[in-house]
Amino acid sequence: MPEFLFAGTAEVDITPEPGLAMDGYMGRDDVSLGTHDPLMAQVVILRRGSYQQIIIVTLDVLAVSAVFTDSIRQNLAGAIGTVPEAVIICPSHTHCGPRGLQTWFPIGEAPQLDLHLVDFIHARLMAAAHRAHDQMEAVQLVWRSGEVSDIGGDRNQPGVPVDLQVTILCCERLDGSIKCILFHYACHPTVLGANTRYYSADYIGVARTYLQAA
C-alpha cells in the first residue's frame, strides 16, 4: 500500500529580460531577442512526519553549477526547515535558456555566473517555496512508467534504437485528484535548434502544458 505523506507545490515564471547570452550551443553567440514561451520553475515539497522534508526544484535552464546551487539549497532548506542535502535542483536542459548559471560550458571560454540573473531566480524560488510550504496537503505517491515514440532519436546514428521510456511520480490527493506530476524522459530539448534567439522551455514546456490541461 502507498504511504501517505504531505506535498506542497508552486510554479513561478523565471523568464529574464531579453538581451542575455543564450546557453546550449557553442556556435551561438547572439543574445536573446525575446520570449517564444516562458521559462518556468517548479517547487515540490514532500514531508513525512514533522521534520523529514525534501524539496525538488525544476528549472527551465540548460544546466547549473554548484557555485549557483549551494546558496540556494542552504536558503531554501533554512526557510522550509530541512537540510541542504534534502534540496534537489533539476535543470530541464533546454537549449533556449539564458547563460549565466553554470561555469563549465562553452568549454574553454571560462564562463562566469550572471549575478543579476542568479539573484532574480533565487528570489523567485524562495517565494515559490514559501507558497508551496503554505499549502501542504495529504497525498499518496504513485509511480508509473510507459513508452513514448517519435520524439527522441540518435542524431549520429539515426537507425539505432533509443530509450523510449517515460517515468512519472504522481502525488495524488486522498480524493484521487492529482496534486502534481514529476516526469522524466531522456532526450535533449533541442527542437527549436541552434538558430533560435528566443527563450523557450522547448518540448518539455509543451508537455507540461498538455499535462496541466488534462
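The values are calculated or read from the model by the stated rules, or taken from the named source; none is laboratory data. The structure displayed is predicted, hence computed values, not measured ones. A quick note on method: Cβ atoms are made from the backbone with ideal geometry, for glycine too, and the neighbour counts reach across all protein chains shown. Accessible surface is based on the protein model in full, side chains and every heavy atom, while ligands, DNA and RNA are left aside. Shrake-Rupley method; radii C 1.70, N 1.55, O 1.52, S 1.80 Å.
Brief remarks follow.
- Only Cα pairs under 8 Å and 6+ residues apart enter the sum, and on that basis the relative contact order of region 1-47 stands at 52 percent.
- From the C-alpha gyration tensor of region 33-141, square roots of 5λ in Å: 27, 15, 12
- Over region 49-94, relative contact order from alpha-carbon pairs under 8 Å, at least 6 apart, %: 58
- For region 66-214, the relative contact order works out to 22 percent when only alpha carbon pairs closer than 8 Å and six or more residues apart are counted.
- For the chain, the longest principal axis of the Cα atoms and the long axis of helix 66-80 meet at an angle of about 20 degrees.
- Counted over region 29-142, the DSSP beta bridges are approximately 60% antiparallel.
- Among the chymotrypsin sites (Phe, Trp or Tyr not before Pro) within region 1-62, those in coil by DSSP and having at most 10 neighbouring Cβ atoms inside 10 Å are Tyr51.
- Average projected area [Cα convex hull, the chain], square nanometres: 13.0
- For a modelled paramagnetic label at Val191, 7 Å from Cα along Cα-to-Cβ, the residues of region 137-175 in reach, with backbone nitrogen under 18 Å, are 147-155, 164-167.
- Divided by 2.2 N^0.38 Å, where N counts the residues, the Cα radius of gyration of region 1-54 comes to 1.84.
- Using the rule -39500 (n - 2.57) for each DSSP H run of four or more residues, divided by the residues of the chain, the 222 nm mean residue ellipticity is -7500 deg cm²/dmol.
- Residue-normalised accessible area of region 129-214, given per residue in Å² at a 1.4 Å probe: 65
- Taking Cβ atoms as reference points and 15 Å as the exclusive limit, the residues near Gly8 contribute a net charge of +1, counting Lys and Arg as +1 and Asp and Glu as -1.
- Calculated FRET efficiency for the pair Asp119/Val148, C-beta based, R₀ 45 Å, to 0.05: 0.75
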